[in-house]
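Read the structure below first, then the notes.
The values are calculated or read from the model by the stated rules, or taken from the named source; none is laboratory data. Model, not experiment: these values are computed from the prediction. Cβ sites come from the backbone with ideal geometry, for glycine too, and all protein chains shown count toward neighbours. The area values use the complete protein model at the heavy-atom level, side chains included, leaving out ligands, DNA and RNA. Shrake-Rupley method; radii C 1.70, N 1.55, O 1.52, S 1.80 Å.
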Amino acid sequence: MIQEYSKYTDDDRFAWKSLFDRQMEVLPGRASQAYFDGIKAINFSRDKIPHFEEVNKVLKSITGWQLEVVKGLIDNKLFFELLENKRFPASTWFRKPEQLDYLEEPDMFHDVFGHVPLLTNQHFFKFLNGLSKIALKNIKNEYAIELISRLYWYTVEFGLIDNENGLKIYGAGILSSSGESIYCLSNKPERRPYNVAEIMNTPYIKDKFQEKYWVINSYKQLFESVDEIEETLGKMLVTNHN
């Protein structure tokens, strides 16, 4: 599949510009510096829907990653195979103007604005790569994939980081949502230090804001937890089997 760039409509351009403007008002002071570094490196702007060919040239030169066009949600095996091979699956369609506030299935704004900037961070993309390798070793075990998906959900999609710059957002599901960008840093949800076993024991929430967020202290910590993830997964699979 390819991105049919010439087919984008005025509604598509409106969606990108409106969502970009809204998030760039909310995210300064809230999002991780690594995220803003990625935005700058890839040169995203309000006035232009990202062109995958251009994005891929930049990403490849920085980290070797590429965007891979997909229609929408894909099966677990293909998803993790793409990540293992430094290919991030991204849809090319946009939500309609009346869907700007909420959309359950990820569109291009979520996939690209939310995820792509952090693909320029070495420790972050190495974490993605390591997690995908574990998933592929266990791809036929639905319970294992569920546990790994929780790790992905509470880090890549809804993770927070607390370092020398203070408590910030790095999860794409938050970065692409104005409401959750504000909510996650408020005094309403519970926030806990990053804990692999806890996360694996916590089902994720799709239809409302998260009740808990796990907080890393660095992207290096995230990457260095890969061995722990594999070890914890093995123990939980044994317990479940028994």
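Observations on the model:
- Cα lying deepest toward the dipole's positive end in the chain, options Phe94, Met1, Asn240, charges on Cβ: Met1
- When both the stretch 35-102 and the stretch 104-160 are represented by their alpha-carbon centers, they are found 13 Å apart.
- Helix-only mean residue ellipticity at 222 nm for the chain, each DSSP H run of n ≥ 4 adding -39500 (n - 2.57), per residue, nearest 500: -13500 deg cm²/dmol
- With Cα atoms, 0 to 90° folded angle of helix 52-62 axis to the chain main axis: 50 degrees
- Here the gap between Lys96 and Arg13, fully extended at 0.36 nm per residue and compared with their Cα-Cα distance, gives a gain of 28.8 nm.
- Antiparallel bridge percentage (DSSP; both residues within the chain; nearest 5): 30 percent
- Proximity of backbone amide H atoms, modeled 1.01 Å from N, is registered between Lys168 and Ile161, Asp162, Asn163 at under 5 Å, excluding neighbours fewer than 5 places apart on the same chain.
- Where the stretch 135-242 is the region considered: accessible area per residue in Å², 1.4 Å probe: 49 Å²
- Listed residues Arg191, Arg150, Arg87, most fluctuating in the chain (Gaussian network, C-alpha, under 10 Å): Arg191
- Loop GluC sites (Glu not before Pro), the stretch 97-152, which have at most 14 other Cβ atoms in a 10 Å radius of their Cβ (DSSP): Glu104
- Annotation note: GluC sites (Glu not before Pro) in the stretch 202-242 located in DSSP loop regions with a Cβ neighbour count of at most 15 within 10 Å are Glu211.
- Residues considered: Ile182, Ile145, Ile74. Largest GNM mean-square fluctuation over the chain, using C-alpha springs under 10 Å, is found at Ile74.
- Helix 226-241 vs. the chain, principal-axis angle (Cα, 0 to 90°, nearest 10): 60 degrees
- Contact order relative to length of the chain, as percent, for alpha carbon pairs under 8 angstrom and 6 or more apart: 21 percent
- Straight Cα distances below 24 angstrom link Lys96 to the lysines Lys7, Lys17, Lys48, Lys71, Lys206, Lys208, with same-chain residues fewer than 8 positions distant left out.
- Protection-proxy order for peptides 17-28, 113-124, each taking the mean of Cβ atoms within 10 Å per residue, highest first: 113-124, 17-28
- Anchor Lys137: aspartates and glutamates whose Cα lies under 17 Å away (excluding residues fewer than 8 positions away in-chain): Asp75, Glu81, Glu84, Glu146, Asp227, Glu228, Glu230, Glu231
- Pairwise label distance in nanometres, Glu105 with Met24, each label 7 Å out on the Cα-Cβ vector: 2.9 nm
- Remark: spin-label model distance Lys77-Ser218 equals 3.9 nm, labels positioned 7 Å along the Cα→Cβ axis.
- Subtracting the Cα-Cα distance of Lys133 and Gln33 from their residue separation scaled by 0.36 nm leaves 33.2 nm.
- Gaussian network model of the chain, Cα within-10 Å springs - most flexible of Ser177, Ser132, Ser225: Ser225
- Multiplying the residue separation of Asn43 and Ala197 by 0.36 nm and removing their Cα-Cα distance gives an extension gain of 51.7 nm.
- Nearest 10 degrees, 0 to 90: helix 33-42 Cα axis against the chain principal axis: 50 degrees
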